[in-house]
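Notes follow the structure.
The values are calculated or read from the model by the stated rules, or taken from the named source; none is laboratory data. As the structure is a prediction and not an experimental result, all values here were calculated from the model. Cβ atoms come from the backbone with ideal geometry, glycine included; neighbour counts cover every protein chain shown.
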Amino acid sequence: MHRARCALPLALFAALAAACTSAPDDLVGTWIPQDATAEILEREPGRVRVLVIRQGAGGELSGRLLIPTLAGMPISVRREGDRVQLALQMARGMEQPFAATMRDGQLIIGSPGEAAAPLRRVSPEEARLLDQLAPKRHPLPAVKALPANGLARTPPMGFSTWNHFATEIDDRTIREIADALVATGLRDAGYVHVNIDDGWQGARDASGELRPNEKFPDMPALADYLHQRGLKLGIYTSPGPKSCAGFAGSYGHEEQDARTFAAWGVDYVKYDWCSAGLIYDDAEMPAVYQKMAEALLATGRPMVFSICQYGRADVWKWGAAAGGNLWRTTGDIGDRWDVMSAIGFQQDELSPFAGPGQWNDPDMLEVGNGGMSTTEYRTHMTLWAMLAAPLIAGHDVRRSSPETIALLTNRAVIAIDQDPLGRAGRRVLQRGPLEVWTRPLDGGRTAVALFNRGEAPAEVVASLAELGLARGLSATDAWTGRSLGVIDERIAADVEPHGSVLLVLAPVGDAPSGSAGR
């Protein structure tokens, strides 16, 4: 899910218009703005907000909001008389509430800071027009557990264009990023995937083959350029007809696009839900993602499969069976402490679902983009390492500061993230804004992170008994490489606001993991 604006086709079920005339609840039906006209629907469908409300067999109401930036997002519906509470289900942990009122046959919607927006029912003519605009629905495979592809045995590491460049990307920029990954030591630290996000797509030719746009004249040559430098090419597409930024998606061309990507030499595919919500319900997500995973497997080329649907429909429960190597668990990250920390610290309950070949993905790194302090970026890296999260850099690598490189390439921190045991960390203690997390590591070692999410300096303290650890462990500070000696009773550290301390505890006599950053 991206923050770009785009115009998307509107897919509605033809039966909805008929349903609204016979349903017992007068909310059921298809609603559009009062001032919308058939001419506007035909000429600029992406401008029109369309709300579809359905009623289940048990009388429960549900909805779908079809608008340009959030195509096909589900919406919860609660009604008490003429008062209606709507909540847009944007992503896991992200809801946007709306209050509405039924009045004189209109649905009046008003949200904080916005003027009331009256909606009316579509006319039969408008319903027919919307149905004509809807893409033909293609069949989905029967859901089954796919064999593991053997890839991403540790969380993927690399770079993605989206956080810094959005759609302002081209062949030259990707090549320069590749050179910078080598020159800065990021490649040697493990950042090998170079993922081209939304904005590379052109049009399909007469045979349906998807071509890159004029900014990417030769994808196989670009893949060769990366491969010659020990890097890997990642690409982006959507199971819907359009990507989040309005470019061509893979809907109806899944097998064809998979073969194209394989022929180009692609090593990583990110599959972003976007406009697929105009066609499919969330309950159909496993089959939708399985369809592309099967197509990728059929090519015979190893390609990491990244599922991106913002943590909806409990993806961590079915993502691996659907062929995913990683799956987004949240909405989009932002280069702000409040956004990054809210995303990272809500991952605790998902830890049991991570493991070799299958990873929870709390989205890309913001380190180096300038919106947070060094302390906050260090906490960003500490938390992602504890989560066994993919480390996908999102800044302009060509202009990396020494400080940014030091944060991203600390060997001991990366070693925690990439630990072969593959068990993600958990929150063990929380006292107000102070938290302690532990993560089991290979060789009987344990990573311990002390976090201060508050606004004032604080001492973070935890006894070994509280952490479930034995006495007599040697401790090493992962960020500095400094030995802290043997710990018998408790861990204690003064932690600055929004800061963290990351330790590796090992049985006495074991060598510390990694060394201080370069």
Handout entry: Residue count, segment 240-268 (criterion: closer than 22 Å to Ile392 by Cα and part of a loop (DSSP other than H, G, I, E, B))
Key = 6
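Is it true that Ala178 is crowded, with 20+ Cβ neighbours inside 10 Å and touching a Lys or Arg at 6+ places or on another chain (Cβ under 6 Å)?
The answer is yes for Ala178.
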Completion exercise
A careful count of residues in segment 159-175 that are part of a helix (DSSP H, G or I) and buried (at least 17 other Cβ atoms within 10 Å of the Cβ) gives 6
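Mind checking whether some residue in segment 341-360 is among the aliphatic types (A, V, I, L, M), touching a Ser or Thr at 6+ places or on another chain (Cβ under 7 Å) and in a helix (DSSP H, G or I)?
Looking for residues that are among the aliphatic types (A, V, I, L, M), touching a Ser or Thr at 6+ places or on another chain (Cβ under 7 Å) and in a helix (DSSP H, G or I), one finds at least one in segment 341-360, hence yes.
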Handout entry: Qualifying residue in segment 432-440 (condition: on the phi > 0 side of the Ramachandran plot and either over 25 Å from the mean Cα position of the chain (by Cα) or outside the structural domain of Arg471 (by TED's automatic domain parsing) (or both))
Key = yes
Handout entry: Filter result (over 19 Å from His498 (Cα atoms), crowded, with 24+ Cβ neighbours inside 10 Å and of a type in the set (S, T, N, Q)) within segment 379-436
Key = Asn410
Practice task
Identify, by number, the condition in (1) at pLDDT below 90; (2) surrounded by fewer than 19 Cβ atoms within 10 Å (Cβ to Cβ); (3) in contact with a Leu (Cβ under 7 Å, 6 or more places away or on another chain) that Met73 doesn't meet.
Solution key: (2)
Completion exercise
Of (1) touching a residue at least 40 places away in the same chain (Cβ under 8 Å); (2) buried (at least 23 other Cβ atoms within 10 Å of the Cβ); (3) of a type in the set (Ser, Thr, Tyr), Thr375 satisfies every one except (2)
Fill in the blank from the handout: How many residues of segment 459-473 are buried (at least 20 other Cβ atoms within 10 Å of the Cβ) and either under 25 Å from Gly422 (Cα atoms) or over 32 Å from the mean Cα position of the chain (by Cα) (or both)? The answer is 2
Fill in the blank from the handout: The correct count of residues that are out of contact with any strand residue (DSSP E or B) (no Cβ under 8 Å at 6 or more places or on another chain), over 28 Å from Ala183 (Cβ atoms) and of a type in the set (D, E, K, R) in segment 205-264 is 4
Problem - Criterion violated by Lys291 - all others in (1) part of a helix (DSSP H, G or I); (2) of a type in the set (Lys, Arg); (3) over 28 Å from Leu350 (Cα atoms) satisfied - result: (3)
Fill in the blank from the handout: Contact list, first residue from segment 136-151 and more than 20 Å from Gln358 (Cβ to Cβ), second anywhere and of a type in the set (Ser, Thr, Tyr) and assigned to a loop (DSSP other than H, G, I, E, B), beta-carbon distance below 8 Å, six or more apart or interchain, is His138/Tyr251; Leu140/Tyr280
Problem - Looking only at segment 455-508, and only at residues there that are of a type in the set (Lys, Arg) and outside any strand (DSSP E or B), the one that is modelled with the lowest pLDDT - result: Arg471
Problem - When residues of segment 361-397 are limited to those that are part of a loop (DSSP other than H, G, I, E, B) and among the polar types (S, T, N, Q), the one nearest to Phe159 (Cα to Cα) - result: Asn369
